[in-house]
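Structure first, then comments.
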Amino acid sequence: MFYREAGQFKISYSADMAIFPIAQDRIAVLAIVAAAFLLMPFVATEYFLNSIMVPTLILALAAVGLNILVGYCGQVSLGSGAFMAIGAYAAYNFAIRVPELPLLVSILLGGVVSAMVGVFFGIPSLRIKGFYLAVATLAAQFFFDWLFLRAGWFTNYTPSGSVNAPRLDVFGWTVNTPVERYIFVLGLVCVFTLLAKNLVRGHVGRQWMAIRDMDIAAEIIGIRPMYAKLSAFAVSSFFVGVAGALWAFVHLGSWEPLAFSIDRSFQLLFAIIIGGLGSILGCFLGAAFMWILPIFLDIALPPLGELVGWTMDKATVSHFSVMIFGALIIFFLIVEPHGLARLWSIVKEKLRLWPFPY
Amino acid sequence: MGFFLEVLIGGLLTGVLYSLVALGFVLIFKASGVFNFAQGAMVLMAGLALVQLIQPTYIGLWHFVGIGALVAAVAGLLVLRVLRGGTFAVVKGDWRVHLPMLVAVGAGLVGGLLALAGGAKGWPLWLAIPAAIAVMVAVAWVVERWVLRPLVNQEGIILFMATLGITFFIDGFSQTIFGSNVYPLNVGLSKDPVFLLESVFDGGILVNQLDISGAIIAGVLVAGLAVFFQKTRIGRALRAVADDHAAAQSVGIPLNWIWFIVWSVAGIVALVAAIVWGSKLGIQFSLTFLALKALPVLILGGFTSVPGAIVGGLLIGAGEKLAEVYFPALTKYVLGTAMPGGIEYWFAYVLALVFLLFRPQGLFGERIIERV
């Protein structure tokens, strides 16, 4: 009833190419973004902003990057944690070695370095596919884990191996309080999401999707597989690298290589698969699922255990929540292998007729 | 020269253990096309179950009762299967539809009562190992019934992520049930080092007896698997499924049953790996990372080749140890600065990556990768 596009005519090319062709979508997205910018800082507690909103947004940005590679170009990567680490350490090194650079520039340069390394590790994708490629990307993960742990230059020879982010000065604005951090991250995430959305709608994105759907056919209609695959690796690693730099600078503040271990790669891969491969909205849903659910389980399990007379100690709670988490992941994969984004599109179909179905 | 051989042999023996884990991957990938990341978690679970059944330090009486019931139920179902000789058509409404359930519940009750009578004292090895196998068989059944069957016909990546979910579940479950400390495992394998070839080299070559017995166990296991695959009816069915799912199904091989068998076999392989690794390092959470060590082995050997898993494991094991010992010295000689140590961590992967560029299907893998 409310979600019906009848009567909305596209009378210009720009209307035809709009990101959200339906007015209701446009209004809803604008309302959500406006609420995130204007309402959230006033209603949310510091804890909520710091440990839920900021990490979820950054993870969503990294998931957008990974989704470009896996969901749009069909190249499975298990090395996204490493590319986050490259972004973080590159941005850190730019920030401390060239102090004149504005913070935003060092973060973006971190992404650029990550993109270059991504292209290098994308070269095997020209010859191999599927799980062989996935395992090959693990090489990046393990190599960079080791490099940042063992090579002192990258951590500026700090004895503990843990490094501190520089002060967050964005063109004279010092990002300090939780609200400021949140706004900073939200702004960047919005800009980059818009960028990603437009990339995947444009001709580059269409090339990626053609390669994903059938690479040989794509080659025959004139798409260069090398260019398409390597550009997907570059763009994806750039996004993931920027997200890594934000994760380190804004969310963690001080970090060590363990923050970007293989678990992070799996977390991101889960986020895009639970959220929905080949969907930008799915990245946000999936990242929220992957970040919030474990926190929720950790909080909710002890009282639930008490209900049935089972007092859990801390270790048991963490094991038990891992177990429930695994079961829920399997459950979601079985119920909707195409992810939460697919669920949302089903809901939209239903909404068109609601409340008067045939 | 003696030192070089010592490093080489040590590496080869470690490689045997990598092969053990890789073998579980290959079995499942061949039969069902599932890239089973949970193999490492299965090693952990098998090890924890075994060590806690032999020397209970974490689990109590009720765990024993539960495992006793489980073991008896699995054994009862197995006996039923053997007596009945495969499935037969059962008319709907016939009481025999419920026969397996009845047998499982009955045997489970008996087993539970027996375990209750025995108390939480820890079981002897001859009982604990079959019990651990029964636990792994139960895991295989649950995985087949509740994960693989609903996800049939999904893309490989979805199945892979599902096995990651299984990994989380098994990790959490086994540590909730069996505890999460480091437990030393003693099944009677000697740990003393021995010197070999003392007449050839000055001082001989130092080798750990445990590694040798591990290699022997692995050899026996591989030989047993080879016989199982080549000479038995089920083995033939497994090979048929590995060749072509659809054709195998059309000649009447029940796919679900085959998947259950192959996950059970992978569970048993995991138990063997747990016994050997556990005797060496103790049963602990880090055993799950064995899965990560086995991946480059698979790339080197090919995802679908059992001999490939063995040879790949040996190559990775030896290459890793040699690189760890000689690379820093080499870089110091060539570049002037020594490389930081600990390259064991990634060497196998980079080796596999370089290898992939030249031979994408692995040493013995089938040529299924399309060139683009």
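Each reported figure results from applying straightforward, stated rules to the coordinates on display, with no laboratory input. Every value quoted in this text rests on a predicted model; they were computed, and no experiment measured them. Every residue, glycine among them, receives a Cβ derived from its backbone with ideal geometry; neighbour counts consider all protein chains shown.
Things worth noting here:
- Helix-only mean residue ellipticity at 222 nm for chain A, each DSSP H run of n ≥ 4 adding -39500 (n - 2.57), per residue, nearest 500: -21500 deg cm²/dmol
- Packing here is the average count of other Cβ atoms within 10 Å per residue, and on that basis the peptides A:30-41, B:56-67, highest first, run B:56-67, A:30-41.
- Using just its DSSP H runs of length 4 or more, each adding -39500 (n - 2.57), chain B gives a mean residue ellipticity at 222 nm of -23500 deg cm²/dmol after division by all residues.
- The order of A:PHE120, A:PHE356, going from fewest to most other C-beta atoms within 10 Å of their C-beta, is A:PHE356, A:PHE120.
- Note on chain A: GNM, Cα springs under 10 Å; of A:PHE239, A:PHE270, A:PHE20, the largest mean-square fluctuation is that of A:PHE20.
- One Cα centroid belongs to the stretch A:302-324, the other to the stretch B:105-177; the line between them spans 21 Å.
- Sequence ranges B:317-329, B:167-179, ranked by mean other-Cβ count within 10 angstrom, highest first: B:167-179, B:317-329
- Viscosity 0.692 mPa s, temperature 37 °C, Stokes-Einstein D of the protein assembly as shown from Kirkwood C-alpha radius, µm²/s: 118
- Extreme residue, positive dipole direction of the protein assembly as shown, given options A:LEU351, B:LEU109, A:GLY309 (C-beta unit charges): A:LEU351
- Chain lengthening between A:GLU5 and A:THR311 when straightened (0.36 nm per residue, less Cα-Cα): 104.8 nm
- Set of aspartates and glutamates near B:LYS280 by C-alpha distance (under 14 Å), chain-local residues within fewer than 8 positions excluded: B:ASP192, B:ASP211
- The HN-Hα couplings worked out from phi for the stretch A:138-146 by the Karplus form 6.51 cos²θ - 1.76 cosθ + 1.60 (θ = phi - 60°) are 4, 4, 4, 4, 6, 5, 6, 3, 5 Hz, whole numbers, x standing for Gly and Pro.
- If you look at the Cα atoms of chain A, you get an Rg and a Dmax of 21.4, 70 Å.
- Largest GNM mean-square fluctuation among A:TRP153, A:TRP208, A:TRP310, using chain A with Cα springs under 10 Å: A:TRP310.
- Difference of contour (0.36 nm per residue) and Cα-Cα distance, B:GLN230 to B:LEU109: 39.8 nm
- 5 angstrom amide H check on B:ASN208, placed H, neighbours 5+ away: B:VAL194
- Cβ crowding within 10 Å ranks B:TRP277, B:TRP126 as B:TRP126, B:TRP277, fewest other Cβ atoms first.
- Of the residues B:LEU83, B:ALA348, B:VAL306, the one whose Cα sits farthest toward the positive end of the charge dipole of chain B, with +1 on the Cβ of Lys and Arg and -1 on the Cβ of Asp and Glu, is B:LEU83.
- The dipole here belongs to the protein assembly as shown: it is taken about the Cα centre, uses +1 on the Cβ of Lys and Arg and -1 on the Cβ of Asp and Glu, and is about 1480 debye.
- Within 10 Å of each Cβ in B:155-161, the average number of Cβ atoms from other chains: 6
- All alpha carbon pair distances within the stretch A:1-137 were sorted into 5 Å bins beginning at 0; the resulting P(r) in whole percents reads 2, 8, 11, 13, 12, 14, 15, 12, 9, 4, 1, 0.
- Toward the positive end of the charge dipole of the stretch B:198-335, with +1 on the Cβ of Lys and Arg and -1 on the Cβ of Asp and Glu, the farthest Cα among B:ALA248, B:SER213, B:ILE275 is that of B:ALA248.
- Square roots of 5 times each gyration tensor eigenvalue, C-alpha, chain B, largest first, Å: 38, 27, 18
- Converting phi to 3J(HN,Hα) with the Karplus coefficients 6.51, -1.76 and 1.60 and the offset θ = phi - 60°, the stretch B:259-270 yields 4, 4, 4, 5, 5, 5, 4, 4, x, 5, 4, 4 Hz in sequence order, with x at every glycine or proline.
- Counting beta carbons within 10 Å around each of B:TYR333, A:TYR182 and listing the fewest first gives the order B:TYR333, A:TYR182.
- Averaged over peptide B:285-292, the number of partner chain Cβ atoms lying within 10 Å of each residue's Cβ comes to 1.
- Charge dipole of chain B (Cα centre as origin; +1 on each Lys and Arg Cβ, -1 on each Asp and Glu Cβ, all else neutral): 1020 debye, rounded to the nearest 20.
- Angle in degrees between helix B:306-335 and the longest Cα principal axis of chain B, rounded to the nearest 10: 30
- The HN-Hα couplings worked out from phi for the stretch A:246-260 by the Karplus form 6.51 cos²θ - 1.76 cosθ + 1.60 (θ = phi - 60°) are 5, 4, 6, 6, 8, 7, 8, x, 9, 8, 10, x, 4, 5, 10 Hz, whole numbers, x standing for Gly and Pro.
- Max mean-square fluctuation residue, GNM over chain A, Cα-Cα springs under 10 Å, options A:SER321, A:SER236, A:SER77: A:SER321
- Only Lys, Arg (+1) and Asp, Glu (-1) charged, at Cβ; the stretch A:34-273 dipole about Cα centre in debye: 500
- The packing ranking of peptides B:282-293, B:99-110, highest mean first, is B:282-293, B:99-110, where packing means the average number of other beta carbon atoms within 10 angstrom of each residue.
- Close amide H pairs (under 5 Å, H built 1.01 Å from N) link B:ILE283 with B:TYR183, B:LEU185, residues at least 5 positions away or on another chain.
- The local environment of A:TRP354, defined by Cβ-Cβ distances under 12 Å, has a net charge of +3 under the rule Lys, Arg +1 and Asp, Glu -1.
- Longest DSSP-loop-exposure-free segment, GluC sites (Glu not before Pro), chain A, at most 16 other Cβ within 10 Å: A:101-358
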